[in-house]
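Every number here is computed from the coordinates shown, using simple stated rules; none is lab data. If you're wondering where the values come from, they're calculated on a predicted model, not measured in any experiment. All Cβ positions, glycine included, derive from the backbone under ideal geometry; neighbour counts span all protein chains shown.
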Amino acid sequence: MNSLKDKAAKGLFWGALNNGATQLLNAVFGIVIARILSEEDYGLIGMLNIFCLISASLQESGFVTALTNKKDASHRDYNSAFWFNVCVSFCICIILFCCAPLISAFYNEPLLTSLSRYLFFGIFISSFSIVPRALLFRQLKQKEMAIMGLTSLLISGAVGITMACMGMAYWGLATQAITFNLCVSILSWILSGWKPTFDISFQPIREMFGFSSKMLITNIFIHINNNIFSIILGKFYNKSEVGYYNQANKWDLMGANTITGMVQGVAQPTFVQVGEDKERLCRTFRKMLRFTSFVSFPLMFGLALIAPEFIVLLIKEKWLPSAHLMQILCIGGAFLPIATLYTNLIISRGKSNIYMWNVMVQSIIILTIVLGIISIFGESGCPLSLFCTLGYGSKLLSSILSYSTIDIMIVFYVIIIISWIAVWHHFLKKEIGISYLHAFTDIAPFVLFSAATMGVTYFITASITNLILLLVSRIVLAALVYIGILYLLGANILRECLNYILKKK
């Protein structure tokens with residue numbers, strides 16, 4: 001038990017270091033490139049993002065999760081998954097190459113034909129890294145994964161910046177993605193030490209397919225969930241709107257993925273190793289839930305607080321329309337790591353069907369509401385704002401009804417994401433018996449403390465007019481207030497984190 005606890009703590013430490021450094025580098029490269037390129041350049045790549053992500057799910061086919069869950073996974077299992085992934089990826093690339101003109105016609109954007117064919121080549125390259133990464137993930141080798149990710153990011157980021165400076169616009173963004181996949185593939189082979197063999201048998205694929213197929217379907221719907229607005233905006237709006245949304249979504253996901261990646265790299269393997277001891281599973285889950293809440297809510301609420309200053313100072317005022325979208329998304333983004341923790345435990349219990357149906361229903365609800373909002377409100381905004389222009393209603397009502405259709409869609413999306421935590425908990429309660437009250441007492445204090453911290457920080461710094469001073473003041477003050485509140489209340493999670501960091505030093 002102590003060995004597993006130490007391994008999990010070490011995994012969280014390296015996961016935090018890896019994801020923190022990764023998102024920091026992503027931020028640096030993103031800032032530099034965003035200052036050079038236009039919103040239209042990002043919009044073009046954003047329109048293709050959903051096809052890349054769904055293709056990645058098809059080529060992986062859920063076997064990473066299946067291999068992690070399989071207690072006696074052997075070389076034969078990994079070898080079968082490797083050759084299956086490579087073959088499927090090759091077929092996908094051929095299909096997408098032929099469908100490029102159809103994608104271009106869907107968005108009514110001729111440039112997408114050649115760009116998509118070039119970008120989709122990275123899908124085949126990434127197939128070679130799926131199994132080696134699965135092996136590193138299963139063995140909780142977060143240090144090796146950190147080396148792989150950071151090195152790949154540095155090389156691909158340098159390529160992207162160089163091409164952007166040379167005036168190659170969206171081609172630079174596409175080449176950056178391809179270079180990253182190439183570096184990950186090479187380094188994953190080196191660091192895992194695993195090599196495929198030619199004694200190919202697809203019997204293990206058939207054995208794992210019942211579980212992995214559910215994960216495949218689920219992952220496709222997750223990508224649709226996360227990229228629904230890129231599709232909708234690309235179809236009904238213009239490249240600039242897609243670019244603004246993608247910029248806001250990028251920074252939101254960058255923050256959320258910092259916590260999600262750190263937790264996800266440890267949670268599922270840990271839950272699998274704990275096994276059938278439900279009491280121990282409850283203790284482990286609740287501890288991870290408190291830690292995730294302790295980190296996620298102040299980080300994401302803080303990112304929402306500083307969004308306007310952050311956007312203007314770091315990637316220029318031309319991106320300011322994305323700031324308020326980023327603020328809305330960050331509220332929902334704070335709950336994404338919580339949802340990920342729930343789903344990891346459900347998956348570790350072999351309940352891929354619960355995971356699949358939940359995500360499918362959630363996706364259908366989101367898509368239905370988004371399309372319904374467009375059909376009711378149109379593409380410009382809420383028609384009820386006419387009442388405000390005629391002098392009816394309060395100032396608050398005026399501000400609400402004058403929201404654009406895009407704003408309204410994103411608000412409803414965030415509401416669904418937050419509400420679905422209760423749905424995940426319903427199924428988790430049936431699995432291990434953890435009550436709603438326990439989960440509420442683990443999450444709610446950090447939500448309240450984080451919201452109070454950001455409110456206090458906002459009002460104290462509201463009179464500062466210098467943007468640089470405002471940004472720095474809000475970051476420093478929010479950090480001090482949040483940690484101060486937890487210290488005065490004697491929060492165990494703060495004490496345990498400080499003790500672990502000091503012990504590492």
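Can you check what the net charge comes to around ARG206, using other residues whose Cβ is under 13 Å from the Cβ of ARG206 (Lys, Arg +1; Asp, Glu -1)? Surrounding charge for ARG206 is -1.
Can you tell me how much longer the chain between SER240 and LEU102 gets when fully stretched, taken as 0.36 nm per residue apart minus their C-alpha distance, in nm with one decimal?
Stretched out fully, the SER240 to LEU102 stretch lengthens by 47.5 nm.
Using the Cβ-Cβ distance between GLN139 and PHE90 with R0 set to 25 Å, the FRET efficiency works out to roughly 0.35.
Highest average first, the peptides 458-465, 337-344 ordered by how many other beta carbon atoms sit within 10 Å of their residues are 337-344, 458-465. Find the percent of Cα-Cα distances in the range 37-226 that exceed 31 Å, and round it to a whole number. Within the range 37-226, distances greater than 31 Å cover 20 percent of Cα pairs.
Each label point was placed 7 Å from the Cα along the Cα-to-Cβ direction; for ASN466 and LEU367 their separation is 5.2 nm. Please list log₁₀ I(q)/I(0) at q = 0.23 Å⁻¹ for the range 127-248, using the Debye equation with identical point scatterers on the alpha-carbon positions. For the range 127-248 at q = 0.23 Å⁻¹, log10 I(q)/I(0) is -1.23.
With bins 5 Å wide beginning at 0, the percent of Cα pairs of the range 423-498 falling in each bin runs 3, 13, 18, 16, 13, 13, 10, 6, 4, 2, 0. When you count the other C-beta atoms within 10 angstrom of each residue and take the mean per peptide, 182-191, 122-131 line up highest first as 122-131, 182-191. Tell me the net charge near VAL359. Cut-off is 14 Å between Cβ atoms, VAL359 excluded, with +1 for each Lys or Arg and -1 for each Asp or Glu. Around VAL359, the surrounding residues sum to +2.
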